[in-house]
Amino acid sequence: MKNSVPPSDGFPKYIINGGRALFGETEIMSAKNSILPLIACSAMIDGEVYLSRCERTSDSENMLNIMRSLGGRCRFADGGIYIDCRGLSRCRLGAELTGRLRSSVFILGPLLARTGRAEICYPGGCDIGPRPIDLHIYGLRMLGAEITESDDSVTCRGNLRGARIELPLPSVGATENIIMAAARAEGRTVLCGAAAEPEITDLQNFINACGGRVHGAGTRRIEIEGVRRLHGTSFTPSGDRIAAGTFMTACAICGGEVTVTGVNPAHLASVTDALRRAGAEVEERTGGATVRAVGRPRAPGRIETKPYPGFPTDLQSPFTALAACAKGTSYIIENLFENRFRHIPQLIKMGADITVCGRAATVRGKKLHGAETEAEDLRGGAALVLAALGAEGSSAVSGLRHIDRGYYDFCGRLSALGADIRRISQ
Ligand code: UD1
C-alpha cells in the first residue's frame with residue numbers, strides 16, 4: 001500500500017476527458033470518518049494504538065498534527081497509523097490547527113476524560129452550512145464538565161461521571177464525543193437518540209478492544225460503563241462506504257464494470273438501491289460489490305438524505321452528478337446540511353438543468369459537456385470529477401485541496417480504472 005505524501009503542488013487541477021467507460025477493481029481502505037475519531041480517542045489510551053489500512057488523506061494528516069501538538073507521537077507506517085499518547089502533555093488547541101478540520105472537535109471528550117481539561121478554538125472544515133457543536137457541549141455538560149464558551153474558543157473542565165443523556169437529533173460527531181468521554185468517566189452512561197452509523201460501531205469496537213465497555217452501537221441506545229484505564233491495541237476500521245459509493249456511482253455514470261473490495265456492502269444498502277433505480281446492476285458479495293452499467297444512467301427518481309441507514313448526505317453530491325446526466329427527472333432532497341448544493345452552479349456550467357428550492361433540487365437529466373469547474377467542498381468536488389468523467393469533451397476541475405481531504409490519489413485510482421484524468425500544477 002502506498003503511504004507517500006500527497007502532491008503538494010501549488011494550485012493543482014484535474015484535466016479530464018470524458019466519455020470513457022470504467023473497468024477494473026479498486027480496493028477501499030479504512031473509512032476516513034472512522035479514522036478521525038479513533039485518532040482523537042487515542043488521546044485517552046495508555047499505550048500504543050495501530051490503525052491499519054489507512055490512507056494519507058490531508059484530514060488524517062491534520063488530525064495527526066493535532067495529536068503531535070498535544071505531545072502525542074504519531075507516524076504513518078506499515079500501511080497504517082501508529083499513535084502513542086502516553087507522553088501527552090498539553091490540553092489546548094489553537095485556531096491554526098482546529099481551523100483545518102471539523103473533526104478537531106473530537107478531541108474534547110478524550111482530552112477531558114484524560115486530563116480533566118480541554119480547550120479548543122472552534123473547528124473549521126467543509127463549508128456545507130452551519131455546523132454547530134451545541135450537542136457535543138450538551139453531552140459533555142451532562143457528564144459533569146464545566147464548559148465556558150468565548151467568541152472563538154470553548155473550555156471544558158472537571159471530572160466526568162456517567163449520566164443519562166438524550167440527544168434531540170442523531171448527530172454522528174456528538175454521539176462519538178459522548179461515547180469517548182463516557183468510556184473513562186466514573187459509572188454508567190445511557191445515551192438515547194444516538195446516531196447509528198457504522199463509524200459509531202467502529203468506535204465501540206475500538207474502545208472495547210482497548211478494554212472499554214460500550215454496548216448498543218448501531219442502535220439508538222448506547223450504554224457505556226466507564227473504566228479507569230484503556231490499553232493500546234491494533235485495530236482495523238471498516239472500509240470507507242463513502243469512497244466505495246463514489247467509485248460505484250462513477251461506474252453508473254460512465255458505464256463499464258467496477259468492483260470495490262474491502263467494504264461491507266450492507267453499509268451501502270441505500271446507495272445500492274439508488275444505483276439499481278438508475279439502471280446499474282449491482283452484485284453484492286462478502287467484502288465488496290461489483291457494479292455493471294451500460295450507456296447513460298436512468299434518473300434514480302427521489303433521493304432524500306437521512307441518518308444511517310438512510311441515503312448518506314456525503315453521497316448526495318455524487319448522485320446529483322449522476323442525476324444531472326441521466327435520462328429523466330430526479331428530485332434530490334438534502335435534509336442534513338443547509339449548504340450542501342454548492343456543486344450545483346458548477347454542474348450548471350457543464351450544461352446541467354437543475355433548479356434549487358430550499359433543500360430540494362429538481363434535476364432534469366441532460367447530456368453534459370466539458371467545462372472549467374471548481375470544487376468548493378470535499379464531496380461536491382468528487383461530484384464534479386464524476387460529472388466530468390461522464391461528460392462529452394474536456395473539463396478542468398480545480399479546488400483539489402478539498403478533494404485531497406478525503407480521497408487519496410483519486411486521480412491514480414480513476415486512471416487505473418481507465419479514466420482519462422491527470423493532475424497538473426498551474
Ligand atoms: C459526520 C461526518 C460527515 C457526514 C455527517 C452526517 C465525520 C468526520 N463526518 O459529520 O461526513 O456528512 O456525519 O452523516 O464523521 N448538529 C447540531 N448540533 C451539533 C452537531 C450536529 O445541530 O452539535 C446537526 C448538524 O448541523 C447537522 C446534523 O446535526 O444538521 C448532523 O450532523 P452530524 O451528524 O453531527 O455530522 P458530523 O458529525 O459533523
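The values are calculated or read from the model by the stated rules, or taken from the named source; none is laboratory data. No experiment lies behind these values; they were computed from the predicted model shown. Cβ sites come from the backbone with ideal geometry, for glycine too, and all protein chains shown count toward neighbours. Ligands, DNA and RNA are stripped out before the accessible areas are found, and what is left, the full protein with its side chains, is counted by its heavy atoms. Shrake-Rupley method; radii C 1.70, N 1.55, O 1.52, S 1.80 Å.
Summary of values
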| item | result |
| --- | --- |
| Filter result for residue 257 (at pLDDT 95 or above, open to solvent by 20 Å² or more (accessible area, probe 1.4 Å) and touching a Cys at 6+ places or on another chain (Cβ under 6 Å)) | no |
| Out of 35, 81, sole residue that is buried (at least 20 other Cβ atoms within 10 Å of the Cβ), among the aliphatic types (A, V, I, L, M), in contact (Cβ under 8 Å) with a residue 24 or more places away in the chain and within 23 Å of residue 175 (Cα to Cα) | 35 |
| Odd one out for residue 426 among (1) at pLDDT below 95; (2) more than 19 Å from residue 17 (Cβ to Cβ) | (2) |
| Residue within the range 56-78 that is open to solvent by less than 10 Å² (accessible area, probe 1.4 Å), of a type in the set (Ser, Thr, Tyr), under 14 Å from residue 237 (Cβ atoms) and in contact with a strand residue (DSSP E or B) (Cβ under 9 Å, 6 or more places away or on another chain) present | yes |
| Strands (runs of 3 or more DSSP E) wholly inside the range 265-325 that include at least 1 residues being open to solvent by 20 Å² or more (accessible area, probe 1.4 Å), away from the ligand (no atom under 16 Å from the Cβ) and without any contact (Cβ under 8 Å) to a residue 12 or more places away in the chain | 281-285 |
| Residue ID - surrounded by the fewest Cβ atoms within 10 Å (Cβ to Cβ), chosen from residues in the range 139-155 that are in contact (Cβ under 8 Å) with a residue 24 or more places away in the chain and away from the ligand (no atom under 14 Å from the Cβ) | 152 |
| Residue list for the range 326-335, filter: open to solvent by 60 Å² or more (accessible area, probe 1.4 Å) and part of a loop (DSSP other than H, G, I, E, B) | 335 |
